[in-house]
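The values are calculated or read from the model by the stated rules, or taken from the named source; none is laboratory data. None of the values given here were measured: they were computed from a predicted structure. Cβ coordinates were reconstructed from backbone atoms using ideal geometry, including for glycine residues, and neighbour counts include every protein chain displayed.
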2 protein chains.
Amino acid sequence: MAVNLPLPVAANLNPVAGIELGYAEAGIRKTNRKDLLVMKLASTATVAGVFTTNRFCAAPVQVCKAHLEGLCISGSPIRALVINTGNANAGTGEAGLADANATCVALAELLDCEPSQILPFSTGVILEPLPVDRIKSGLPQAIANLKADHWYQAAESIMTTDTQPKAASRKVTINGTSITLTGISKGAGMIKPNMATMLSFMATDAKIAQPVLEHLVKSAADRSFNCITIDGDTSTNDSFMLIATGTAELEVSSIDSVEYAELSDAVIGLSQELAQMIVRDGEGATKFITITVEEGANIEECRKIAYSIGHSPLVKTAFFASDPNLGRILAAIGYAGVNDLDVTKVNLYLDDVWIAKNGGRHPDYNEQDGQRVMKQSEITIRVKLGRGTEAATIWTCDLSHEYVTINADYRS
Amino acid sequence: MAVNLPLPVAANLNPVAGIELGYAEAGIRKTNRKDLLVMKLASTATVAGVFTTNRFCAAPVQVCKAHLEGLCISGSPIRALVINTGNANAGTGEAGLADANATCVALAELLDCEPSQILPFSTGVILEPLPVDRIKSGLPQAIANLKADHWYQAAESIMTTDTQPKAASRKVTINGTSITLTGISKGAGMIKPNMATMLSFMATDAKIAQPVLEHLVKSAADRSFNCITIDGDTSTNDSFMLIATGTAELEVSSIDSVEYAELSDAVIGLSQELAQMIVRDGEGATKFITITVEEGANIEECRKIAYSIGHSPLVKTAFFASDPNLGRILAAIGYAGVNDLDVTKVNLYLDDVWIAKNGGRHPDYNEQDGQRVMKQSEITIRVKLGRGTEAATIWTCDLSHEYVTINADYRS
């Protein structure tokens, strides 16, 4: 049921020199599916990430954070990432931490490095013990098939309720040097802003200094993965990691450089592509909806209103039904928590159709026009607040029967 | 699909002296259904209410507020309430205000009072012009059948997607005087806290001074209608009105009196009954869920966490499926926005089953026990935060296929 989601073509996913990907069928939750991924990095690589802000953040997230912090002290670079699906290793207490650490120890032995040079990730069911022995058993298989051109298989290996793998790639020339950017992501429910909110791994062969990479990953997340919502739920595990292998000649050592600006555009562009893929494949999605709130006094209130619309089950079911019951959008604007909002200044558009003028139904609006837009698979909701010059855009999907089916049956 | 919702028995709904109810089939949206209600009050009555905090509050809500404020100045009591279903008269701008006022003018003429002595209410579709002529035409029919024992029919007249009428009644003796309390309410989607969030009208024959009544209605709403959630959407229209006709001998003139305390208990009790009926008849509900958060540092954080759980589509679909995927509850606790929450102090129970101990799966927990509770139609989620002594309780329901069907088809 994905909405205009392009199936990645393996041949179009450019390898990134300095990174190899290996997968395994470890039988973590189900048999005969790729559920374990190892990303092996060149020793020149830098790595930075943003993580869920959920207080119940999963054991692997805690371990990742510790290893990335340790990096500054030890100076030993991260050498590999290991990702399992089928189990989130969240809500698992001390035992979960021990399991995440054991995963790092096992992989470090195989790769001849320190456990602190490994970053672990998990996604799947919460509150169940991680079958760490199956992961350990699967690791040699993953290492045996490490290849630079396994990005498509890597995208498959991190899927949970995703209906298809998500990957994108591009080459850009900066300062006369061609660099590669390739990334993968997975959703598909539990997507909410401000929390990295899914798994995504992106790599480039540019050489990027650690503090620059940390700035870049946060800035890209704020413009992509932090602008999507499917059901308002924020996962315990989700992470967006940016890897710079440093094998290309381009070196970016300051955020004030021309190189940074060009690189940043490319990273944000690819991040938005991967983030939007998650929404297009949102659980049960049948519509891809862009919500833009303009003329706000500040960006925060624009985002607040955009998310209020994007999270409203009533709005989302109306879009599923292609029913122009658009008063529900006004209601969502009204309860967004912008307490001094003057609704008589609010204008609402659905694509090119002017629905509400100065807070009330536009006199020329007729339902046929609303109906026409509602039937499309891609729709833009535009709200003008008449309060200022700031704006924000988010991306979301509708709420369908299929969403309920998927989430009622997820574990069965 | 309502969950253990008792069908009110007309004979058990005690009339309240000083109030008469008349209904009509005005054909506002559909034919052959009661869609217009007039509640006529004795001249001794006092009236107070709480209203939606949605900034897009409907025209009738604006008119109600103005008339209640005018009351203090004019001293002319409210003489009637008029409620229509089928159209919310919200998002209708100046024309909507004119329509709400026209309704008051029409009813005032029929009852020989001032338009400012009428309170209008609407519920139904937003953003469509109110068919005020049909309301005007229906008013004489409603007035012709005004009767003190029409509470059951009144409950029927205010239904929208409700599957059955909601009404409750009780008699209590205070200071040796028997007084009556009877109320009606309607839901059934768009239910969220802090906003009165539905329509409910309750009347008593006690004589209650205006400032006391205003205090009482707010205090009762905070303990009942503001503690329920179905889908997190907050309507533009919803209102809870408390009417004291003053025909009984009991007089309550201070909130510090013993009479007030006893009356307050009865009003809160009946309000909770009516509020819980709304949840039991929540759109598509198959489970009635009580969420209690204890050991909080303050009530606000307890409510925040309770609502985070109660609004989570992932939690709600798991309850629909009777699937003990209870990690989703931990995730919802974690993203509730209590930023200094120490998850290692959190304990989670499902009825008598201890699910999570100190933030992780309880070692003795087994899924059969969780499954057993999940299959019940009434379930209590209990969270202990280990931070203090405050607590809060809310009531909600699950998220089913039927919810999507109802809201996708609401207008068709």
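Selection of segment A:312-323 for residues being buried (at least 24 other Cβ atoms within 10 Å of the Cβ) and either in a loop (DSSP other than H, G, I, E, B) or polar (S, T, N, Q) (or both) yields A:SER312, A:THR317. For B:ALA48, the stated conditions hold: it is closer than 26 Å to B:MET277 by Cα, more than 14 Å from chain A (Cβ to nearest Cβ), small (Gly, Ala, Ser) and buried (at least 22 other Cβ atoms within 10 Å of the Cβ). For segment B:290-300, the candidate set comprises residues that are surrounded by 24 or more Cβ atoms within 10 Å (Cβ to Cβ) and of a type outside the set (Gly, Ala, Ser); within that set, the residue that is nearest to the other protein chains (Cβ to nearest Cβ) is B:VAL293.
Suppose we filter B:ALA95, B:ALA100, B:ALA88 for residues that are over 21 Å from B:MET202 (Cβ atoms), at pLDDT 95 or above and within 14 Å of chain A (Cβ to nearest Cβ); which single one remains? From the options B:ALA95, B:ALA100, B:ALA88, the qualifying one is B:ALA100.
Applying the set (1) modelled with pLDDT of 95 or more; (2) under 15 Å from B:LEU270 (Cβ atoms); (3) not polar (S, T, N, Q) to B:ALA220 leaves exactly one unmet item: (1).
Give the residues of segment B:343-364 that are surrounded by fewer than 20 Cβ atoms within 10 Å (Cβ to Cβ) and either more than 34 Å from the chain's Cα centre (by Cα) or aliphatic (A, V, I, L, M) (or both), sorted by residue number.
B:THR344, B:LYS345, B:LYS357, B:ASN358, B:HIS362, B:PRO363, B:ASP364, listed by residue number.
Has segment B:2-12 got any residue that is in the same structural domain as B:GLY183 (by TED's automatic domain parsing), more than 15 Å from B:GLY183 (Cβ to Cβ), among the hydrophobic types (A, V, I, L, M, F, W, C) and in contact with a strand residue (DSSP E or B) (Cβ under 8 Å, 6 or more places away or on another chain)? Looking for residues that are in the same structural domain as B:GLY183 (by TED's automatic domain parsing), more than 15 Å from B:GLY183 (Cβ to Cβ), among the hydrophobic types (A, V, I, L, M, F, W, C) and in contact with a strand residue (DSSP E or B) (Cβ under 8 Å, 6 or more places away or on another chain), one finds none in segment B:2-12, hence no. Per the listing A:ARG303, A:ARG328, the residue uniquely without any contact (Cβ under 8 Å) to a residue 24 or more places away in the chain, basic (Lys, Arg) and surrounded by 21 or more Cβ atoms within 10 Å (Cβ to Cβ) is A:ARG328. Against the list (1) surrounded by fewer than 21 Cβ atoms within 10 Å (Cβ to Cβ); (2) within 14 Å of chain B (Cβ to nearest Cβ); (3) touching a residue at least 24 places away in the same chain (Cβ under 8 Å); (4) not β-branched (Val, Ile, Thr), the condition A:GLY124 fails is (1). Screening A:THR344 on (1) part of a helix (DSSP H, G or I); (2) within 23 Å of B:ALA408 (Cα to Cα) shows it passes everything except condition (2).
Do the conditions hold for A:THR245, that is, is it at pLDDT 85 or above and within 14 Å of another protein chain (Cβ to nearest Cβ)? Taking the combined requirement at face value, the residue does not satisfy it. Pairing residues of segment A:91-116 that are farther than 17 Å from A:ILE28 by Cα with residues that are assigned to a loop (DSSP other than H, G, I, E, B) and basic (Lys, Arg), at Cβ distances under 7 Å and at least 6 apart in sequence or on separate chains, gives A:LEU111/A:ARG79; A:CYS113/A:ARG79. Do we have B:SER377 as over 21 Å from A:ALA90 (Cβ atoms), small (Gly, Ala, Ser) and within 14 Å of chain A (Cβ to nearest Cβ) here? Against the criterion (over 21 Å from A:ALA90 (Cβ atoms), small (Gly, Ala, Ser) and within 14 Å of chain A (Cβ to nearest Cβ)), B:SER377 does not qualify.
The single condition among (1) touching a strand residue (DSSP E or B) at 6+ places or on another chain (Cβ under 9 Å); (2) facing chain B (nearest Cβ under 7 Å) that A:PRO324 does not meet is (2). Residue pairs whose Cβ atoms lie under 8 Å apart, separated by 6 or more positions or on different chains, with the first residue in segment B:54-71 and at the interface with chain A (Cβ under 9 Å from one of its Cβ atoms) and the second of a type outside the set (Asp, Glu) and surrounded by fewer than 19 Cβ atoms within 10 Å (Cβ to Cβ), are B:ARG55/A:ASN339.
Residues checked against (1) at pLDDT 95 or above; (2) in a helix (DSSP H, G or I):
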site	(1), (2)
B:ASN339	no, no
B:TRP354	yes, no
B:VAL373	yes, yes
B:THR393	no, no
B:ASN407	no, yes
B:SER412	no, no
